[in-house]
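Down below is the structure, laid out as C-alpha cells.
The values are calculated or read from the model by the stated rules, or taken from the named source; none is laboratory data. Please read all numbers here as calculations on a predicted model, not as lab measurements. Here the Cβ positions follow ideal geometry from the backbone for every residue, glycine too, while neighbour counts run over all protein chains shown.
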Amino acid sequence: MKKRFIILCSLITIVLSAFIFRAISRPDNPYHGVEGQKFAMVLSKDIMKIIQNNSLSSESKASELAKIGQFLLEEPMGAHHALKVFQKSYEYDSKNINSNFFLSVLEPVHALRGAIYRFHKIFEIDPEEYFQNIQDKNNISNQNVINRLKYYILGEMKKDLIFELVSDSQDFIVKQLLPVLTEAEKKIEFVESSANFEIAFSYQHWQNAWSPKSSVLFDLGEVHAYHSALKAAQALLKFASAYNLNDAQLLDKAFKAEKKLKDPKKLTLEDEVKIIKAFPQFLTLRKEYEGNIKTILEDAPRIIEGLRILAQFLKEAKDRELYLVPQMDEETFTNLIESLEKADEYIAGPLMQKIGVNETSKEPITILANFTALLTQPPLDFKSILPAKFSEQTHNAIEWADTSFGGVFPNNDFISTLCQLKKANRTIKIEGMCPDDRNSE
C-alpha cells in the first residue's frame, strides 16, 4: 500500500511539474517539425504577412519579425534563417531590443562560419577528423545535435577562402571580423543601456531527450558579461593580428629539428635566439595595424574582466564536456586568473616590480616597470628584446640590444639588477640571461 502511494505521489508530481514547466516556457514553436520546401513556404508567408500589413507601424513589424527570428533560432532546422530575419527587424526599428541582442551574437558567429576549414592549414588540423572526435566523445543522444551544429558552424566553404598564410587570417581578422565585432559591441551596448532587459530562450528542440530544464533567461547580468567578453576577444584579435607570424610554423619545425640534433635540456638560450633570428620578418610590427594595439589600453579594465569570463567559460566547457569549444583544465585556469590579477596592477601604469629577493634579508628587490609601454609604443620588432651577443665560452648573454625591453623598464636596469642576484633568488630564472649564470647558483 505504501509503495503504491509513493508511486501515485510521484506520478502526480511529474504531471504537476510538466504542467508548471509548460506554463512558464515559451509558446509552441510554429516551425518545429516543418521541413524542406514547406518550411521555406511557411516562413516566407509569415514574413510577407508582416511586411505587407500596412496597419502595423515600423516598430510593430520589427517586434513581430524579432519573434519569428527567435522561433527560428530555437529550432535547429531553421536556425540558419534567423540572422536575416533579425536583420530585417533591425531595418524596421534599430532600437528593437531583442533584435539588437540576438544580432550582437549572431553576426559574429556568422562571420566565423567555416572557421575550422578556413584555418585548418595554419593549425594543421583535419576538419572532418576534428568533428568526428567531437562525435566520438559524446553519447548517442547528442549525435543529432552535433551533426546539426557541424553543418551550421562549418557551412559550405570555397577553396579560395582557405587561409594559406597566417597573414591571410590576420587580414581577415582586421578587415572583416573586427568590424563585425565593433558593430556587435554597439548593439550590445544599446541592450545594456536598457533598464529592464530580460528574455527567455528555449533550447527544447535542440535536445534529443526530455529534460526538466530546457530554457534559459537572459538578463542584464548576462548582457554585461557578454559585452566584457566581446571586448576581451577584440583585444586578443587586435594584438594577434598586429605582428608578423607567417614564419611561426617554420620556426616550430626548426626548433623540433634542433632538439633532435641536441639534447633538449642542453639547448642553450643562444641556440634558441639564433633559431628565432633566422626568420627576420617574424614578430615585426605590421604598421598598418599598429593603431589597433594602441586602442587596447583604453578598455583594459573591461578587457581583463572579459578574459576572466572567457576563462570561466572554457573551464566550464571541460567540466560539462562541451566539446564544440576549446577547453581549459584547472591548472591553466588558476594560472590565468592569477596572471589577470597581476594585469590589473600592470595597466594602472608605472609600478615597482619585484624581480627577486635579497640573499640576506629576504626583502624584495624591485625596479620601476611600465608594462603599458608595449601598448602605447608597440615595439617595431619584438626580437629586439632578445640578447644581441653571447659568450663563446659559456654561451650566456653578455650584451642586449634593448635593455629597456620595449620601454617596460625605463631605467634600463632590469638585466643589471637581475644579474646581481643568485639565480635561486630571482623571480625570472631563464638559463643564460646573465654572463655568469652557471656560477650563480
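Identify the residue in the range 252-311 that is among the small types (G, A, S) and in a helix (DSSP H, G or I) and, among all such residues, is surrounded by the most Cβ atoms within 10 Å (Cβ to Cβ). Applying the filter and picking the extreme gives G306.
Filter the range 205-220 for residues that are in a loop (DSSP other than H, G, I, E, B) and surrounded by 13 or more Cβ atoms within 10 Å (Cβ to Cβ); which is modelled with the highest pLDDT? The selected residue is S214.
For the range 401-427, how many residues meet the condition of being part of a loop (DSSP other than H, G, I, E, B) and either touching a strand residue (DSSP E or B) at 6+ places or on another chain (Cβ under 7 Å) or free of Cβ contacts under 8 Å to residues at least 40 places away in the same chain (or both)?
17
Within the range 361-369, identify whether any single residue is assigned to a loop (DSSP other than H, G, I, E, B) and surrounded by 15 or more Cβ atoms within 10 Å (Cβ to Cβ), and answer yes or no.
Initial filter on the range 361-369 (assigned to a loop (DSSP other than H, G, I, E, B)): 361-363.
Restricting the remaining residues to those that are surrounded by 15 or more Cβ atoms within 10 Å (Cβ to Cβ) gives none.
No: zero hits.
The C-beta contact set for the range 370-398 (first residue at positive phi, second residue charged (D, E, K, R), distance under 9 angstrom, 6+ apart or interchain) comprises H395/E270; H395/D271.
Being without any contact (Cβ under 8 Å) to a residue 24 or more places away in the chain, crowded, with 16+ Cβ neighbours inside 10 Å, part of a helix (DSSP H, G or I) and not aliphatic (A, V, I, L, M): is that true of F86 here? In short, yes. Remark: D437 falls outside the filter, which requires a residue to be buried (at least 17 other Cβ atoms within 10 Å of the Cβ) and under 20 Å from F282 (Cα atoms).
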